[in-house]
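Trainee: To start, I am sharing the structure in question, which I have written as structure tokens.
The values are calculated or read from the model by the stated rules, or taken from the named source; none is laboratory data. Please read all numbers here as calculations on a predicted model, not as lab measurements. Counting neighbours? That spans all protein chains shown, and the Cβs are built from the backbone with ideal geometry, glycine included.
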């Protein structure tokens, strides 16, 4: 006898064996028992969830010869005493139950020949004449119109059962004349139970974790899971391990996903690339792996925000491992990871080198961990403004003593900058530029201008770091002054572009590091643009207001913090006003 695949051999024989569709089978059983039969049914849902099987069971229930009327328990196919009607329906050769494939009979002529021409003929032997139309959404508009009247008022003892995977393509005029049943995707746990039964009956030795991997690959489809089991049996024989399942189906196991997640959390791109190489060597499909990783990030997010294990039935890892991995990231991290990896999965479809695309996509996730949310940036700016407000009052109260000849301690190293730690580079670059404007008179300083040898040493450090652009920018400044723990770099209007280069946050950090290496102190950087040819004549009130506005705007533009915010949020300065409390 020819081999029969598992999906056909283990097709449900009764309504009770239809897995995961209990509400539908209960409704059909009750309708049969109470003789409340409708003349048209529409079964819709994903592939492999029992639509066609349920249609055949309903046809057998209507025409089973062992009962004097329709019965919810028709003959089983493995019953040697099954009636001829049930046997012929199961073998798709019953004269009174016609199965029509709408995908290959789409035209109006096919409908007229197969249905309309024969619908008026009474059943040859059975109680009901049943038309099972599979993939009914494939019929043409003209075919639907031809079927419409017959479907609404068919002759007695005629039942239509239509199945489709795309319900939205069926016209509303057809839907309104049918009882509609939406078949759900089947839970992984239910698929696993069915596979255990099949494996035991087929005398296949396979552990539960390997069966769970097979059930998970079905993605809610019983037929897909059974076909996958058939494939694994062909690959490994009667003794199957979890490794055999991963090799045969090309799925990623929990160990690979754990390696990827840990490499992202520890910022180890080399480990991630090595894991991808392992996946390639095992022969896994990279797009399938990318989808598995996407599903894993979803499971981590659900674990973090909900912890409901019922929503994690298809997860690869155990709940405790999911909790451990979820604790490594924030919710916003996981959302960013998912969206970025979804873009990578889309690019893999047409990528000439899928491996390279996946490697870059995973390394990109490590870079996304450094992105801060807008709310965090706003909180940091609020704390920075509060602290800098205290700095202004401190500096103004110390001005008289400074002008009186007393000098500040030259050994001062870390001026208070923000409420954050002194190690914060974001806060350390703030200092005076956000608040002081060009209209403020310079404090009379007892500190001398920075010596040429010192600035040369700073430039030397930058040169050793190959920061020649910063060296050129410092050389183009008209004045470089160090006083009160602050390095003031002044540019003329015609060298404003050097100011723009030096004001970038990463460049300010480089200059700060070089100054700290040379002087051993934390030095704040202030960058200005000043016109040496400005007139000293007293301006009018209108000119004062205009110049005040201009100076405030230039002060804001000179601030590295403002420049970084404009760059981050792609904004622009609309208006500048002085704080009244300041």
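Trainee: Within the stretch 228-242, can one find any residue that is within 19 Å of the chain's Cα centre (by Cα) and without any contact (Cβ under 8 Å) to a residue 60 or more places away in the chain? Steps first, please.
Mentor: Pass one, the stretch 228-242, residues within 19 Å of the chain's Cα centre (by Cα): none.
Scanning the stretch 228-242 turns up no residue that is within 19 Å of the chain's Cα centre (by Cα) and without any contact (Cβ under 8 Å) to a residue 60 or more places away in the chain.
Trainee: Just one of 104, 118 is under 24 Å from residue 45 (Cβ atoms), part of a loop (DSSP other than H, G, I, E, B) and free of Cβ contacts under 8 Å to residues at least 24 places away in the same chain; which is it?
Mentor: 104
Trainee: How many residues does the stretch 281-291 contain that are part of a helix (DSSP H, G or I) and either surrounded by 20 or more Cβ atoms within 10 Å (Cβ to Cβ) or in contact with a helix residue (DSSP H, G or I) (Cβ under 6 Å, 6 or more places away or on another chain) (or both)? Break it down into steps so the answer makes sense when it comes.
Mentor: Keep residues of the stretch 281-291 that are part of a helix (DSSP H, G or I), which gives 281-282, 286-291.
So of that shortlist, the ones also either surrounded by 20 or more Cβ atoms within 10 Å (Cβ to Cβ) or in contact with a helix residue (DSSP H, G or I) (Cβ under 6 Å, 6 or more places away or on another chain) (or both) come out as 286-287, 289-290.
Qualifying residue count, the stretch 281-291: 4.
Trainee: What are the residues in the stretch 37-76 that are touching a residue at least 60 places away in the same chain (Cβ under 8 Å), out of contact with any strand residue (DSSP E or B) (no Cβ under 9 Å at 6 or more places or on another chain) and assigned to a helix (DSSP H, G or I), if any?
Mentor: None; the set is empty.
Okay, residues lined up against (1) over 46 Å from the mean Cα position of the chain (by Cα); (2) more than 17 Å from residue 179 (Cα to Cα); (3) buried (at least 17 other Cβ atoms within 10 Å of the Cβ):
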{"residue": "15", "(1), (2), (3)": "no, yes, yes"}
{"residue": "20", "(1), (2), (3)": "no, yes, yes"}
{"residue": "40", "(1), (2), (3)": "no, no, yes"}
{"residue": "66", "(1), (2), (3)": "yes, yes, no"}
{"residue": "75", "(1), (2), (3)": "yes, yes, yes"}
{"residue": "80", "(1), (2), (3)": "yes, yes, no"}
{"residue": "90", "(1), (2), (3)": "no, yes, yes"}
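Trainee: Let me ask something else about it. Would you be able to say whether some residue in the stretch 295-314 is over 21 Å from residue 219 (Cα atoms) and surrounded by fewer than 13 Cβ atoms within 10 Å (Cβ to Cβ)?
Mentor: Checked the stretch 295-314: at least one residue is over 21 Å from residue 219 (Cα atoms) and surrounded by fewer than 13 Cβ atoms within 10 Å (Cβ to Cβ).
Trainee: Condition check: farther than 24 Å from residue 185 by Cα, more than 40 Å from the chain's Cα centre (by Cα) and in contact (Cβ under 8 Å) with a residue 40 or more places away in the chain. Does residue 84 satisfy that?
Mentor: On the way: farther than 24 Å from residue 185 by Cα: yes; more than 40 Å from the chain's Cα centre (by Cα): yes; in contact (Cβ under 8 Å) with a residue 40 or more places away in the chain: no.
So residue 84 does not fit the description; no.
Trainee: Mind listing whichever residues of the stretch 250-264 are on the phi < 0 side of the Ramachandran plot and surrounded by fewer than 20 Cβ atoms within 10 Å (Cβ to Cβ)?
Mentor: Keep residues of the stretch 250-264 that are on the phi < 0 side of the Ramachandran plot, which gives 251-264.
Passing the criteria: 253, 254, 255, 258, 259, 262.
Trainee: Separate question: Can you say whether residue 47 is under 47 Å from the mean Cα position of the chain (by Cα) and more than 17 Å from residue 15 (Cβ to Cβ), as far as the supplied structure shows?
Mentor: Details: under 47 Å from the mean Cα position of the chain (by Cα): yes; more than 17 Å from residue 15 (Cβ to Cβ): yes.
Here the answer is yes, as residue 47 does meet what is asked.
Trainee: I need the full set of residues from the stretch 198-207 which are surrounded by fewer than 13 Cβ atoms within 10 Å (Cβ to Cβ) and assigned to a helix (DSSP H, G or I), in order please.
Mentor: 200, 201, listed by residue number.
Trainee: I'm checking my understanding of the structure. Among residues of the stretch 524-572 that are in contact with a strand residue (DSSP E or B) (Cβ under 8 Å, 6 or more places away or on another chain) and not in a helix (DSSP H, G or I), which one is modelled with the lowest pLDDT?
Mentor: Out of the qualifying residues, it is 530.
Trainee: Which residues, counting only those in the stretch 145-154, are surrounded by fewer than 21 Cβ atoms within 10 Å (Cβ to Cβ) and within 19 Å of residue 58 (Cα to Cα)?
Mentor: Within the stretch 145-154, just 154 meets the criteria.
Trainee: How many residues are touching a residue at least 24 places away in the same chain (Cβ under 8 Å) and in a helix (DSSP H, G or I) if we restrict to the stretch 306-356?
Mentor: So the answer is 19.
Trainee: On to the next question. Can you tell me which residue among 358, 365 is at pLDDT 85 or above and under 16 Å from residue 285 (Cα atoms)?
Mentor: 358
Trainee: In addition: Go through the residues of the stretch 230-241 one by one and say whether even a single one is assigned to a strand (DSSP E or B) and touching a strand residue (DSSP E or B) at 6+ places or on another chain (Cβ under 8 Å).
Mentor: yes
Trainee: Further, regarding this structure: For the stretch 14-36, enumerate the residues that are touching a residue at least 12 places away in the same chain (Cβ under 8 Å), under 14 Å from residue 194 (Cα atoms) and out of contact with any strand residue (DSSP E or B) (no Cβ under 7 Å at 6 or more places or on another chain).
Mentor: The answer is 18, 19, 20.
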